[in-house]
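This report refers to the structure that appears directly beneath it.
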Amino acid sequence: MLSSMTATLVDDRTRARLAAIGQRVLEEGRISREEAMFLFELESSADIFDLMAWANRVRERFKGRKVHLCSIINAKAGRCSEDCKFCAQSAFYQTGSPQYGFVDPEPVLQAAEEARANGVVGLGLVAAWKGLNEGPMLEEVCRRFEELRDSGRVRPDASLGILGSQTVADRLKAAGVECYNHNLETSRRFFPEQCTTHTYEDRLRTIGYLKQAGIKICSGGILGLGETREDRCDLAFSLREVGAHIVPINILNPIPGTPFEGREPLPPMEILKTIACFRMILPRQEIMVAGGRTVNLRDLQSMIFTAGASAMMVGNYLTTINQPVEKDLQMIRDLGLDPAWDRHGFSDQEHR
Ligand code: SF4
């Protein structure tokens, strides 16, 4: 009897603290790292659902009912010089993933046409290489972006790795790149355990060049690499610090042949809780669930929005298949949300 009364008291205290944090975020307040860790450490399903209810209110308050959709095209596949341990495209691992050089104009314009038809806001050209320096390749890449910009079909986005200088970022901006994906991937502490060929600092430097060039920042990470909850919390705070506009959350889909092929999948409720925690730390950002959604969340996919996500990657991923776009659009409409076309996909509020 006494122990059940104690449990009730603990539950009440947890709910009261959650409500105090949630109310503050709704009223445009910020949460501390210590409060965020309290959220990341919630264990019971009841508490996680309670957290998700708050994250849902915060999403509605700052993002409304619109769902921001992005797609990607693999603009240069395989044989990457980097050793990111989750990646099928690294030359360090035998994964059998496709390999080809930089994409011609036609597939990009075709992908833009399909994206537009599906109400997708941004189309990202993604290249599997370390990054870009000044030179003929930069000029070829810029031509693809100029063609995409001139087509007027989608927002031209890029994910081209580490930029060698401010000049490269400025050149991309001039070619029409509006938003650049450059994930921090994980915490500064855990980063060297998932990649040794470049550093967290390299990534931060590129983000600095992009911001200076006036390109919007899409930066997030990947869950399930073996990082701790503290690492996830640190990642979210680093993303707040760098001023990311879009925050993609990927979930590891262990690829045979990579060092992380045997990683245990995260439980779906842990993934949903993490999305909700990110929403509470980053109330105004587009929190986008990206790679690994279908395989890791299965029937719980639609709950990403209740957990606070406001954006989703649709269409196939770089080396794995997603569920059909029509199914994703139906899921969004069934929830009473709006996968609306919005040319720029950025509201003023996001940037504060
Ligand atoms: S994540 Fe990017 S940089 Fe790392 S190995 Fe894969 S393609 Fe290369």
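Readers should treat all values here as calculations from the given coordinates under stated rules, not as data from a laboratory. Nothing here was measured: the structure is a model prediction, and the numbers come from that model. All Cβ positions, glycine included, derive from the backbone under ideal geometry; neighbour counts span all protein chains shown.
Taking Cα pairs under 8 Å and at least six residues apart, what relative contact order does the range 61-336 come out at, in percent?
So the answer I get is 20 percent.
I need the peptides 46-56, 115-125, 325-335 ranked by packing, meaning the mean over residues of other C-beta atoms within 10 angstrom, with the highest value on top.
115-125, 46-56, 325-335
Counting each DSSP H run of 4 or more residues in the chain as -39500 (n - 2.57), what helix-only mean residue ellipticity at 222 nm follows after dividing by all residues, to the nearest 500 deg cm²/dmol?
After summing the helix terms and dividing by the residues of the chain, the value is -13500 deg cm²/dmol.
Based on the alpha-carbon gyration tensor of the range 94-164 and its eigenvalue square roots a ≥ b ≥ c, which shape applies: rounded if a/c is under 1.5, prolate if not and a/b is larger than b/c, or oblate?
oblate
Of all DSSP beta bridges in the range 61-336, what percent run antiparallel (nearest 5)?
5
Once the convex hull of the C-alpha atoms of the range 61-336 is built, how many Å³ does it hold per residue, rounded to a whole number?
116
Tell me, how many Å apart are the Cα centres for the range 222-298 and for the range 98-172?
25
Count charges around Phe86 for me, please; just the other residues with Cβ under 12 Å from its Cβ, Lys/Arg as +1, Asp/Glu as -1.
Spelling it out: positives minus negatives among the neighbours equals -4.
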